[in-house]
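Taking it in order: structure first as structure tokens, then the write-up.
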Amino acid sequence: MTEGGFAFLRDELHHLKGTERPAVIKAIADAREHGDLGENAEYHAAKEKQSFIEGRIAELEDKVSRAEVIDLSKISGTDIKFGATIQLVDDDTDEVHTYQIVGSDESDVKKGLLSITSPLARALIGKKVDDSIEVITPNGGKAYTVQEVRYV
């Protein structure tokens with residue numbers, strides 16, 4: 001993953017451990033004071049939230065511990081690989097799209113961050129400027145031409 005993606009996961013983990021976990025522990029304690037736990041909706045909701053938070057913490061700790069952070073400043077070249085920012089032209093509509101190929105945990109197509117595991121990114125890997133690609137999408141096939149490849 002990129003440095004930015006790693007920082008995002010690390011920040012979320014810090015927030016869950018430092019803010020969300022203590023808040024839900026307090027909510028459980030407050031709900032216990034209201035009496036019968038069997039019929040206490042606040043208690044059950046807090047326990048469910050605690051379960052979600054603890055699961056997400058475990059998931060994030062695993063991802064952060066196994067993360068391979070790629071220094072994008074050390075990547076260069078003319079062919080498309082992880083970290084590349086690509087400008088594509090839709091062959092049908094002449095629309096220009098710009099994407100950066102990133103790890104799956106940091107992808108967000110609306111922000112132009114394309115997961116390395118997506119069909120479009122897999123089709124782009126190894127291509128160069130002026131290469132054409134075809135990708136099968138849920139709406140049918142799409143054809144693109146690589147207009148620009150750059151590295152930050």
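The values are calculated or read from the model by the stated rules, or taken from the named source; none is laboratory data. Quick caveat: nothing in here was measured; it's all calculated off a predicted structure. In this analysis, Cβ positions are derived from the backbone assuming ideal geometry, glycine residues included, and neighbour counts consider all displayed protein chains.
Taking the options VAL89, VAL64, name whichever one is β-branched (Val, Ile, Thr) and more than 20 Å from PHE8 (Cβ to Cβ). Answer to the selection: VAL89.
Counting only strands (runs of 3 or more DSSP E) that sit completely within region 105-152, zero hold 3 or more residues that are closer than 30 Å to ARG10 by Cα and modelled with pLDDT of 95 or more.
Checked against (1) under 12 Å from the mean Cα position of the chain (by Cα); (2) in contact (Cβ under 8 Å) with a residue 24 or more places away in the chain, VAL109 meets all criteria but (2). Tallying residues that are among the aliphatic types (A, V, I, L, M), under 18 Å from THR117 (Cα atoms) and not in a strand (DSSP E or B) within region 73-103 yields 2.
Looking at GLU20, GLU61, GLU68, which one is surrounded by fewer than 11 Cβ atoms within 10 Å (Cβ to Cβ) and in contact (Cβ under 8 Å) with a residue 24 or more places away in the chain?
Values: GLU20 fails: surrounded by fewer than 11 Cβ atoms within 10 Å (Cβ to Cβ); GLU61 fails: surrounded by fewer than 11 Cβ atoms within 10 Å (Cβ to Cβ).
On inspection, the qualifying residue turns out to be GLU68.
Scanning region 116-133 for any residue that is of a type in the set (A, V, I, L, M), surrounded by 12 or more Cβ atoms within 10 Å (Cβ to Cβ) and within 25 Å of LEU60 (Cβ to Cβ) turns up at least one such residue.
For the residues VAL146, VAL102, the requirement of being surrounded by 14 or more Cβ atoms within 10 Å (Cβ to Cβ), more than 17 Å from GLY4 (Cα to Cα) and out of contact with any Phe, Trp or Tyr (no Cβ under 7 Å at 6 or more places or on another chain) singles out VAL146.
When the residues of region 32-53 are filtered to those that are aliphatic (A, V, I, L, M) and under 21 Å from LEU16 (Cβ atoms), the one that is surrounded by the fewest Cβ atoms within 10 Å (Cβ to Cβ) is ALA45.
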